[in-house]
Every structure is written in structure tokens, then in C-alpha cells.
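**Q** A single structure is presented below for examination.
The values are calculated or read from the model by the stated rules, or taken from the named source; none is laboratory data. In this text the structure is predicted, and so the values were computed from the model without any measurement. Counting neighbours? That spans all protein chains shown, and the Cβs are built from the backbone with ideal geometry, glycine included.
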Amino acid sequence: MGAEKIYPMLVIDAGNTSVKFARVAKRHAVPRMAGTVATAALTPARVQAMVRRSGCRVAMASCVVPSVRRILRAGCPFVSFIGPATRLGFSTSVERRTVGADRLANMAQAARRFGRSALVADFGTAATFDLLDGRGGFAGGAIAPGWRVLAGALSAATAQLPVPDLVPPRRAAGRNTREALRAGVGGGYAGLVRHLLRGLPAEHVVFTGGDARLVAKLTGLKVTVDPLWTLKGISVLGDLAAREASK
């Protein structure tokens, strides 16, 4: 495959909750969303429909759900997956076989955009915090529960507590149960995020994932919020893989 045949490229971000499909028209172009499917509802037929809609013949996927990987392969036979052997374009000091593909994609975009000293926090079902160090290498990071998972777990484990509202607390001392939950879960989660960011200092901080804007508002931190960050990183690694294959 010649380098000129790489685009348009289909990029796929398959997470625990949803699978996002986007079309990248040319190198480093902003991904254009083609559709989102709930992970539990994904089928080969739905994948085929997304492929036809995109008009792409090259695809790169980040997938953290093994069963979804099989569905994506069935619906898009030419898809490639980010994995331990994927060319990254930056150094790492992590055990790559244990690191999720989405985290590698986030670091790939951080390396392309900033070069060094960047922290990417991805707020989904899980919350990941990954650091590109001062030399431009992936230094590792931290994994915590996503806000919705944390809030839901408290309600599920108690007899009378409702699921907390996913809004910032108005006061530290709640005057009723819902306010107290907002103060404890919301305020506590803000503290968790701030604590991890203090331990992973970086010149540039990016929040991405489905709850990125919510957490940015909750913490009051001045950060870059980019919902497309992971898809951009997948396209970076897809470009590297396709060009390597074309040699």
C-alpha cells in the first residue's frame, strides 16, 4: 500500500461503555465523528454499516474489550489494533503488554502536539492519568474509578442512598442527603483528581473522555478539554503503522 492510499482512515475507540467511529480525511486532520454505538449493542452488521458510511479502506482501532475486538474484526476485516508491538514514535518506560491501547493513543497525540511534559487524564468508565515526561517519553500513570462508577457503586452498596447527582457541590456541608452526596462524592472526586495531578506534574494538562468537561468544572482547574483527543491519537498511530507497512 502506498502512503497516498492511507486516507481517508477510519479510527475506532472501543471502550467499556461505547464504541466511537470517526473518519480522518488526511494526515493530522481533525477526526469527524461517523457514529457512536453502545458497547453492549455492537454487532458486525453495525460495524459494516459504519465502514460503508465512512468510505475508508484503512482502519485503526483502540480496543480495551476483548469480545469487541472480535466483533470489529468480523465487521471490518482490514482493521488494525493498537497493541504491544505497535510502533509508537516515542520512548516508554512502561510494561507495554499491560497498558491499554487507549492510553497509548493518548500519549501518541500528546507526543505529536506537545513533544514533552504533558499529562492526559481520560475520564470514562475508568479514569486514567498518563504522563509524558520532560524528555518526551511515556513515564506511566495512574488508574482510578470514573466519576459515574464511583457514584453508582456507593448507591449500589447501600440500602437508601440514591445515585449522586453528577453536578459540582454548592457547599462543603450538605443540608440534605443529596447535597451531602454531592459534597462527598463530587468534592471527594475533585480532591482525588487534584491529588493525582500534583503527583504527576506537567507543563500541559489535557482532559478527555465522556466526563472531561464535567470534571474540569468540578475541579475548577485550567486545563485543555478535548473530547476527540483519543481518536486523534489513534489516527497518529494508524498513520505510523500504515506508512511502515507501505515501505
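**Q** Determine which member of the set ALA85, ALA105, ALA142 is surrounded by fewer than 24 Cβ atoms within 10 Å (Cβ to Cβ) and modelled with pLDDT of 95 or more.
**A** Details: ALA85 fails: modelled with pLDDT of 95 or more; ALA105 fails: surrounded by fewer than 24 Cβ atoms within 10 Å (Cβ to Cβ).
Sole residue among the options that is surrounded by fewer than 24 Cβ atoms within 10 Å (Cβ to Cβ) and modelled with pLDDT of 95 or more: ALA142.
**Q** Just give me the residues in region 207-239 being among the aliphatic types (A, V, I, L, M) and in contact with a Phe, Trp or Tyr (Cβ under 6 Å, 6 or more places away or on another chain), in sequence order.
**A** Scanning region 207-239 gives ALA212, VAL215, ALA216, VAL223, VAL225.
**Q** What number of residues within region 62-96 are farther than 22 Å from GLN109 by Cα and either touching a residue at least 12 places away in the same chain (Cβ under 8 Å) or acidic (Asp, Glu) (or both)?
**A** Within region 62-96, residues that are farther than 22 Å from GLN109 by Cα and either touching a residue at least 12 places away in the same chain (Cβ under 8 Å) or acidic (Asp, Glu) (or both) number 8.
**Q** Kindly indicate whether any position in region 45-66 is touching a Ser or Thr at 6+ places or on another chain (Cβ under 9 Å) and exposed (fewer than 14 other Cβ atoms within 10 Å of the Cβ).
**A** No, region 45-66 contains no residue that is touching a Ser or Thr at 6+ places or on another chain (Cβ under 9 Å) and exposed (fewer than 14 other Cβ atoms within 10 Å of the Cβ).
**Q** Oh, and also: If the Cβ limit is 8 Å and pairs must be 6+ apart or interchain, which residue in region 194-223 that is at positive phi pairs with which residue that is hydroxyl-bearing (Ser, Thr, Tyr)?
**A** GLY209/THR230
**Q** Pick out the one residue from VAL11, VAL94, VAL47, VAL65 that is touching a Leu at 6+ places or on another chain (Cβ under 7 Å), of a type outside the set (S, T, N, Q) and over 15 Å from ALA241 (Cβ atoms).
**A** Of the residues listed, the single one that is touching a Leu at 6+ places or on another chain (Cβ under 7 Å), of a type outside the set (S, T, N, Q) and over 15 Å from ALA241 (Cβ atoms) is VAL47.
Listed here are the residues, each with its yes/no results for (1) in contact with a Lys or Arg (Cβ under 8 Å, 6 or more places away or on another chain); (2) closer than 22 Å to TYR7 by Cα; (3) at pLDDT 95 or above.
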position: VAL47; (1), (2), (3): no, yes, yes
position: SER54; (1), (2), (3): yes, yes, no
position: VAL65; (1), (2), (3): no, no, no
position: CYS76; (1), (2), (3): no, yes, yes
position: PHE81; (1), (2), (3): yes, yes, yes
position: ARG97; (1), (2), (3): no, no, no
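**Q** If we keep just the residues of region 17-39 that are of a type in the set (Ser, Thr, Tyr) and part of a strand (DSSP E or B), which is nearest to ARG57 (Cα to Cα)?
**A** So, considering only residues that are of a type in the set (Ser, Thr, Tyr) and part of a strand (DSSP E or B), the one nearest to ARG57 (Cα to Cα) is THR36.
**Q** Conditions first: (1) in the same structural domain as MET107 (by TED's automatic domain parsing); (2) among the aliphatic types (A, V, I, L, M); (3) in contact (Cβ under 8 Å) with a residue 40 or more places away in the chain. VAL163 passes all but one, so which condition is the exception?
**A** Of everything listed in (1) in the same structural domain as MET107 (by TED's automatic domain parsing); (2) among the aliphatic types (A, V, I, L, M); (3) in contact (Cβ under 8 Å) with a residue 40 or more places away in the chain, VAL163 misses just condition (3).
**Q** Could you tell me whether region 124-145 includes any residue that is assigned to a helix (DSSP H, G or I) and within 30 Å of PRO164 (Cα to Cα)?
**A** no
**Q** Right, here's the next one. Pairs, please: C-beta under 6 Å, at least 6 apart or cross-chain, first residue at positive phi and in region 113-128, second modelled with pLDDT of 95 or more and part of a loop (DSSP other than H, G, I, E, B)?
**A** Pairs that qualify, where the first residue is at positive phi and the partner is modelled with pLDDT of 95 or more and part of a loop (DSSP other than H, G, I, E, B), are GLY115/GLY136; SER117/GLY134; SER117/ALA202; SER117/GLU203.
**Q** List the helices (runs of 4 or more DSSP H) inside region 172-246, counting only whole elements, that have at least 1 residues being of a type in the set (Phe, Trp, Tyr) and crowded, with 18+ Cβ neighbours inside 10 Å.
**A** Helices (runs of 4 or more DSSP H) meeting the threshold: 187-199, 229-246.
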